[in-house]
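Report on one structure; see the data block that follows.
Laboratory data are not the source of any read-out in this text; all were calculated from the coordinates shown. Not measured: the values here are computed from a predicted model. Quick reminder, even Gly has a Cβ in these numbers, built from the backbone with ideal geometry, and neighbours come from all protein chains shown.
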Amino acid sequence: MFSAFERLVAFRYLRARRKEGFVSVIAAFSLVGIALGVGTLIVVMSVMNGFREELLSRILGLNGHMMVYAEEAFTDYDGVAQKVAGVDGVTIAAPLIEGQVMATTRESATGALVRGLRGADLAKYPFIGTSINGGSFDAFAQGGGILVGDRLAARLKVGVGGQITLISPQGNPTVMGVVPRARAFTIVATFNVGMYEYDSSFIYMPLDLAQLYFKIPDAVTGLEVMTTKPDQIGPLALAARKAVGPGYRVIDWRQTNSHFFNALQVERNVMFVILALIVLVAAFNIIAGLIMVVKDKGRDIAIMRTMGATRGQIMRIFFMNGAAIGIVGTLLGLGLGVAFALHIDQIKGWVESLTGTELFAPEIRFLSQLPAKIELGEVVTVVLMALGLSLLATIYPSWRAARVDPVEALRYE
């Protein structure tokens, strides 16, 4: 496609002489700009993908994929659980009691969410069984105490074997008025699922203890359902509604968390558009740099034309000149972006140790680690976009170079 003569001249123009230093500086800035734009886009998209996947897996790993609620008191929960468990694709149908409490010790107090579940059901949850970092889950399954997030335990300054007092807003009526219901429970184990919101606020309690504490001995607040295919929850929710019949409501995770994941998607799209402008600015730098090269090389173009070079050859020379900047910058950005995304958590730790500061507090970003997931389709899209903008940026300067009149160029020289 390109002759040896065209390649020789094009790459010679990339190595500017001393008096043409400013032109080479613009070319270098264009290359760096494209590399930074491509690399930043890959890193940001990978982090956003990682956040979405981690949040989705952890939220669904603890909260269930569907919830079944009764229109009135949920007393026939075992019978309903059997019906839901019979739906193809359902792995867990666990009776659940959920309520807000105030957790207190002598040292501190904070709000918490109590979730009452049977030990056999909780053991099947994806993250709980592998997240115990203190105590024994067997003690919880036997009804010996409660399971507390390790960050919540640290905030309350209590550990395994210690006691915390749970105060329910639903008080006990007395002759002196309503008195808040309070009871002390022993911590038999702590857990860390890697998500700040859960580790700092969740308390798991055996179902029978929760029924006594919340004073609903023959009922639950809902039925939590896990499935094998949470991404195909629509047909499963429809089948569950048919199985339980009238008098019950089935709500899937999309309805519960739709606003959250929609916000993540909007933020991801906005970030892509904003960061793509970096590549666009670098492409304009290529246009400016090539136009300066064309003006500077007017005499050379005229001489080549008088020696027999065609307009097509001149156009291809300058097209190759600008394309080289775009291609090298894109490949450099691709390498930097992929390497950074693959080691982003290690880089974060290194920067934090170097500066002595916490770059991303878990309570702000909800996760204990900074996730990143590289998707091949997105990487290809970013690379093709950068290459396309770079190649388009070379068209006008190359056309302008091909239109140089040899007579006029030599006359003014």
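Using the structure shown, list the pairs from 124/242; 229/348; 242/373; 83/229; 215/242 with a Cα-Cα distance above 28 Å, or answer none.
Pairs exceeding the cut-off: 229/348; 242/373; 215/242.
Can you put 350, 253 in order of Cβ neighbours within 10 angstrom, beginning with the fewest? Write out the running numbers ahead of the final one.
Working: 350 11, 253 22.
Ranking 350, 253 by Cβ neighbours within 10 Å, fewest first, gives 350, 253.
Using DSSP, restrict attention to beta bridges with both residues in the stretch 141-300 and report what percent are antiparallel, rounded to the nearest 5.
75
If I model a spin label at residue 32 and residue 170 as a point 7 Å from the Cα along the Cα→Cβ vector, what separation in nanometres do I get?
Placing both labels 7 Å along Cα→Cβ, they lie 6.4 nm apart.
Only Lys, Arg, Asp and Glu count, each charged at its Cβ (+1, +1, -1, -1), so figure out the dipole size of the chain about its Cα centre, rounded to 20 debye.
That gives a dipole near 1860 debye.
Compute the FRET efficiency between residue 345 and residue 267 as 1/(1 + (r/R0)^6), taking r as their Cβ-Cβ distance and R0 = 22 Å, and round to the nearest 0.05.
My answer for the efficiency is 0.60.
So the label point goes 7 Å from the Cα of residue 251 along Cα→C-beta, right? Which residues of the stretch 114-137 then have their backbone N under 19 Å from it?
Taking a point 7 Å out along Cα→Cβ of residue 251, the residues of the stretch 114-137 whose backbone N falls under 19 Å are 114-117.
Is there a quick way to get the dipole size of the stretch 238-383? I mean about its Cα centre, with the Cβ of Lys and Arg at +1 and of Asp and Glu at -1; what is the value in debye to the nearest 20?
680
Projecting each Cα onto the charge dipole of the chain (Lys/Arg +1, Asp/Glu -1 at the beta carbon, about the Cα centre), which of 323, 222, 33 comes out farthest on the positive side?
323
For the stretch 72-246, take the alpha-carbon Rg, divide it by the Kirkwood Rh, and send me Rg/Rh.
Details: Rg = 17.1 Å, Rh = 17.1 Å.
Answer for the stretch 72-246: 1.00.
Expressed in nm to one decimal, what extension gain is obtained for the pair residue 355 and residue 76 from 0.36 nm per residue of sequence separation less their Cα-Cα distance?
Gain in length upon complete extension: 94.7 nm.
Please compute, over every Cα-Cα pair in the chain, the percentage with a separation greater than 34 angstrom. Walk me through the numbers before you get to the answer.
Details: 44528 of 85078 pairs.
Above the 34 Å cut-off, the chain has 52 percent of its Cα pairs.
Need the full-extension length gain, residue 400 to residue 100, defined as separation in residues times 0.36 nm minus the C-alpha distance. One decimal, nm. Please list the in-between numbers first.
Details: separation 300, 0.36 × 300 = 108.00 nm, distance 7.14 nm.
Answer, rounded to one decimal: 100.9 nm.
Please give the FRET efficiency for residue 133 paired with residue 184, using the beta carbon to beta carbon distance and R0 = 25 Å, rounded to the nearest 0.05.
0.60
Tell me the mean residue ellipticity at 222 nm calculated for the chain from its helices only (DSSP H runs of n ≥ 4, each -39500 (n - 2.57), averaged over every residue, nearest 500).
Here the helix-only value at 222 nm equals -18500 deg cm²/dmol.
Among 42, 274, 187, determine the one that fluctuates most according to a GNM of the chain built with springs between C-alpha atoms less than 10 Å apart.
Highest fluctuation among the options: 274.
Along the positive direction of the dipole of the chain (beta-carbon charges: Lys, Arg +1; Asp, Glu -1; about the Cα centre), which of 137, 374, 308 reaches farthest?
Sorting the options by dipole projection puts first 308.
Which of the GluC sites (Glu not before Pro) across the stretch 48-130 are loop residues per DSSP, with 11 or fewer other Cβ within 10 Å?
71, 72, 107
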